[in-house]
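Q: Please see the structure below; I have some questions.
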Amino acid sequence: MNEAQHQSLLGAIAISSGLAGLGNITPQQRSDAFASLEQFKTYPGRMAACVDMIGSNSLQISGVVNTPLDVTVSGKLFALSVIQEFLKVGYNNLSESDRGQLRSSIVAAARQLAIPMGVPSIKMNDSTRILAVKIAALLADLALREFPQRWQTFVSDLFSPFSNGGIWCEAGADAGGNTIGVKICLECLKLITEDCTDSDYNARISTTRRNDILLGLNEMSTQILPSLFELLSKQFGDVGTAKTTLQAMHQYLASNGRSVAQLTPDEQAHYKEKIDRRDAAGGIVADVLGTLEKFCQSMPLDWMFKVENGIDFVAALLHLLREDVANIQVLSVSCLQQLSMRKLDQNQWFRLVASIPPALFEASNAAAQRANERGFLPNSIEMLVEQLEFHRSLSKMGSTLVSAHLAHITSDKDISSGRGAKFDAVLNYLRFLSEMMSHPSGVICGAQINTWVGL
C-alpha cells in the first residue's frame, strides 16, 4: 500500500468515525467511505497495512484548509478490528514465522500504549482505555490459540515490568497513565479465564485446548499472582492515603468555618488532585477484583486460599469489605460469593466462617465513621440506601456459604455437640446472618430463606 492509498484509507476511517474537522460531509462521501473500508477488508495486503497502523505513534490526514487531523485512535481501532476478524478466518493458514511476527506486532502495540510517561496523568485517557481493551481482546484471542505450546513467553511478555520487556507497570507506579499496561493484562487474563472455564459461554474452544491453557496458567501462577497482590496492596494503600488527606482537608476547613465551595483556586486544584488520585487508584483495585472474581469462580482454590510469602488473597478480600470507593466492597463480596459456591474443604470453609464476622465488624465501623463525617446516623435511611447493594450482595453470599456446605456443619462432632472453637465460630456466623434479617429491605431478608429452611 503506497502513501496515497494509506491517506485514502485514513480519510475513509475519519469520515466513517464522524471526526470533527472534516467540514461538511455529504451522504455520498459517507457511503463511499464505508464502501472503501469494506473493500479494504478483502485487500490481500491488509494485514501488513494494519500492523503498520497499530505500530505507528501517530496517524494524521489533512483536514479543512490543510489543518492536520489526528486519526490515531480511530485508525488503530479499525486496524485492530480487521486483525481480530482475520484471526477467525485466516490465522490457521499462516506459517509459524508469520504467526510469531503477528504476535510480536500486537505485543509491541501494547508496549507502545504502556510506555511510562515522564509526568503521568492521574486520569486514564478514555481513548487509551478503549484501545487497551481492544488490544487485550486480541492478546487473549492469540493466547487461546498459541499458549502454552507455541507462545511460551506469554506470561513474561505481559506480566514483566515495562523496563524488563513486558507491559506491566513498574513497581510502585501510581494509578493513571502509567498503569495502562495493567489494564491490558487484567482484561486479557479475565477473558482467557472466562473462555476456558465456561463451555456454555464459548463453545469454539475444544476441551483439550482448555485443559492445556489452564495447566499452563497454573504452572505460571507463581509469576502472575504476586504481581496482582502487589498491585492490589499498592493501589488500596493509595486509596487510603488520599482519603486520609481529604479528611484532614475537611477538618481544616471546618475548624476555620469554611466549606469546600470556599476553597481558593490553589486549594481547589490540590483538593481535586486528591479526589482524582483516590478514584484512579480505586479504579485499578476494581479492575483487579474483576479478574480475581473469575479466578474465584473457576481457577484452583489454592490460588486464593494459599498463604505464602505474605500473599493472602482471602485476607485481602475480607479487608476490602470496608472500602466503598469504586464499589470495592461490593466487588469483594462478589469474589467471596464465587468462593462460597465452590466445593470448599472443611478448613477452607471454616476459615471463611470464622473470618467474615470480624471483617464485617470492621466494615461496619468504617461505615459508621463515614456517616459521622457526613453528619448522618449509621442506621439512617440515607446510609441504608447508600449501602443497599452491599448489604444485598452480603446477605446472598452469607447464606450461600452455609446452604452450600451444610454437610460441614452436620458432620462435625464439635459443632453438632455444641462445644469447641468451631461451634463458637459457626454460632457467631449464624448470629451475623440473623442480624441481617432485621434489615428493613425484604430483598435482603429473602436471600436467606433457603438457608434457614435448610438449617
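The values are calculated or read from the model by the stated rules, or taken from the named source; none is laboratory data. None of the values given here were measured: they were computed from a predicted structure. Heads up: the accessible areas ignore ligands, DNA and RNA and are worked out on the full protein's heavy atoms, side chains in. Shrake-Rupley method; radii C 1.70, N 1.55, O 1.52, S 1.80 Å.
Q: Tell me the per residue accessible area of the chain using a 1.4 Å probe; a whole number in Å² is fine.
A: Numbers: 21850 Å² over 455 residues.
The answer is 48 Å² per residue.
Q: How do V89, V426 stack up against each other in accessible area, from largest to smallest, with a 1.4 angstrom probe? Numbers along the way, then the final one.
A: Details: V89 100, V426 10 Å².
Reading off the accessible areas and sorting them downward yields V89, V426.
Q: Report in % the part of the accessible area of segment 335-378 that belongs to carbon and sulfur, leaving out ligands and nucleic acids; probe 1.4 Å. Walk me through the numbers before you get to the answer.
A: On the way: 1210 of 2230 Å².
On segment 335-378, the fraction of accessible area on carbon and sulfur atoms equals 54 percent.
Q: Let me ask something else about it. Answer with a single label: of [x] 20, 33, 23, 15, 8, 2, 0; [y] 21, 46, 29, 5, 0; [z] 19, 39, 27, 13, 1, which was calculated as P(r) over Cα pairs in 20 Å bins from 0, in percent from the structure in view?
A: Computed from the coordinates, P(r) over Cα pairs in 20 Å bins from 0, in percent corresponds to [y].
Q: How many angstrom lie between the C-alpha centres of segment 59-81 and segment 402-455?
A: 60
Q: Could you look at segment 1-146 and say what percent of its accessible area is carbon and sulfur, using a 1.4 Å probe and all protein chains? The partial results should precede the final answer.
A: On the way: 3890 of 7450 Å².
On segment 1-146, the fraction of accessible area on carbon and sulfur atoms equals 52 percent.
Q: Would you mind checking K41/K183; K183/K234; K183/K243 for any pair whose Cα atoms are more than 19 angstrom apart? Could the numbers behind the result be given before it?
A: On the way: K41/K183 29 Å; K183/K234 15 Å; K183/K243 23 Å.
K41/K183; K183/K243, as the Cα separations exceed 19 Å there.
Q: Another question about this same structure. Could you compute how much accessible surface E435 exposes when probed at 1.4 Å, giving the result in Å² to the nearest 10?
A: About 120 Å², rounded to the nearest 10.
Q: Leaving out same-chain residues fewer than 8 places away, which lysines sit with a Cα under 21 Å from that of K396?
A: Qualifying lysines at Cα under 21 Å: K294, K343.
Q: So for W452, W349, what's the accessible-area order with a 1.4 Å probe, most first? All intermediate terms of the calculation are to be shown ahead of the outcome.
A: Details: W452 95, W349 5 Å².
If we order W452, W349 from most to least accessible, we get W452, W349.
Q: Still on this structure: Which whole-number percent gives the relative contact order of the chain, counting Cα pairs below 8 Å spaced six or more residues apart? Provide the component values of the computation, followed by the final result.
A: Working: 495 pairs, mean separation 42.1, N = 455.
Here the relative contact order equals 9 percent.
Q: Taking the Cα centroid of segment 260-321 and of segment 1-55, what is the distance between the two, rounded to the nearest whole Å?
A: Their Cα centres are 41 Å away from one another.
Q: Taking a probe of 1.4 angstrom, what is the accessible area of H250 in Å², to the nearest 10?
A: Approximately 80 Å² for this residue.
Q: Can you tell me the length gained on complete extension of the stretch A261 to I130, counting 0.36 nm per residue apart and subtracting the Cα distance? Please list the in-between numbers first.
A: On the way: separation 131, 0.36 × 131 = 47.16 nm, distance 3.40 nm.
Using 0.36 nm per residue and subtracting the Cα-Cα distance, I get 43.8 nm.
Q: Now for a different question. Please list, in order along segment 380-385, the HN-Hα scalar couplings obtained from phi with the Karplus expression 6.51 cos²θ - 1.76 cosθ + 1.60 (θ = phi - 60°), rounded to whole Hz, x for Gly and Pro.
A: For segment 380-385, the Karplus-derived couplings read 5, 4, 4, 6, 5, 5 Hz, x marking Gly and Pro.
Q: At a probe size of 1.4 Å, how large is the accessible area of Y252, to the nearest 10 Å²?
A: Y252 exposes around 120 Å² with every protein chain in place.
Q: When the accessible area of segment 163-227 is computed with all protein chains present and a 1.4 Å probe, what percentage of it is carbon and sulfur?
A: Numbers: 1240 of 2750 Å².
Result for segment 163-227: 45 percent of the exposed heavy-atom area is carbon or sulfur.
Q: Okay, next question. On each of the three principal axes of the Cα atoms of segment 48-153, give max minus min coordinate, whole Å, ordered largest first.
A: Here the spans come out as 49, 32, 18 Å, largest first.
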